[in-house]
């Protein structure tokens, strides 16, 4: 029991330290006028933990990051697992952890439909998306200039592809909506009616790259990965922000 208690105490202390390292990692390149993301639910997996300390390698650290600034739609959360963190035992014992190399990161990036639609509303075609069948399919609608008929509401289904680390919405199976209701041959003319729309999701923590996209009833789940990541030293102040003037001058 004493060993178990000591192991759990060591885990708690290490989780606090790793939370600081991760916070430094996700805020180091942010501008001063950007609200930093929230890091929570830092948990170290694997038992016994003291053995991991002895060998200088943490097997798996889970973390949630919310409020991530992005040039595209708001990202509701990133649930990440950092695997293979290398910290020599001497650095742990002397409280001089410094930078932390990480072998692999696997993450799920969550985007809500409402946030995606807010972004799409300002894009060409004013495209909007809506889940059907519990998110197994996603309908797409927008406005397009149809030859002879002029501006018309167009609808169909959409898939999501990954191109250059961007999530790309690719409409297909289009038909006219409203008073007229007939199918438009696919693929002819689809790109001209409702264009493929890239949805930027850059600026993810840990240098994550998007590799796969799936949908459910609430939104999009993007699988992201990274290799050979380095968490910066927790005490390093990489955001050189001027102090806030509260004097009113």
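Key figures
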| item | result |
| --- | --- |
| Failed condition for residue 222, given (1) out of contact with any helix residue (DSSP H, G or I) (no Cβ under 7 Å at 6 or more places or on another chain); (2) at pLDDT below 90; (3) closer than 17 Å to residue 120 by Cβ | (2) |
| Qualifying residue in the stretch 109-126 (condition: in a strand (DSSP E or B), surrounded by fewer than 16 Cβ atoms within 10 Å (Cβ to Cβ) and at pLDDT 85 or above) | no |
| Some residue of the stretch 26-42 being under 14 Å from residue 80 (Cα atoms), modelled with pLDDT of 80 or more, assigned to a helix (DSSP H, G or I) and within 17 Å of the chain's Cα centre (by Cα) | yes |
| Residues satisfying the stated conditions in the stretch 118-134, i.e. in contact with a strand residue (DSSP E or B) (Cβ under 7 Å, 6 or more places away or on another chain) and touching a residue at least 40 places away in the same chain (Cβ under 8 Å) | 119, 120, 123, 125, 127, 129, 131 |
| Residue match in the stretch 175-185 (condition: out of contact with any helix residue (DSSP H, G or I) (no Cβ under 9 Å at 6 or more places or on another chain), in a strand (DSSP E or B), outside the structural domain of residue 96 (by TED's automatic domain parsing) and modelled with pLDDT of 65 or more) | yes |
| Evaluation of residue 17 against (1) within 20 Å of residue 80 (Cα to Cα); (2) at pLDDT 80 or above (one fails), failing number | (2) |
| Unique match (being modelled with pLDDT of 75 or more, more than 20 Å from residue 65 (Cα to Cα), over 15 Å from the mean Cα position of the chain (by Cα) and outside any helix (DSSP H, G or I)) among 157, 148 | 157 |
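The values are calculated or read from the model by the stated rules, or taken from the named source; none is laboratory data. Not measured: the values here are computed from a predicted model. In this analysis, Cβ positions are derived from the backbone assuming ideal geometry, glycine residues included, and neighbour counts consider all displayed protein chains.
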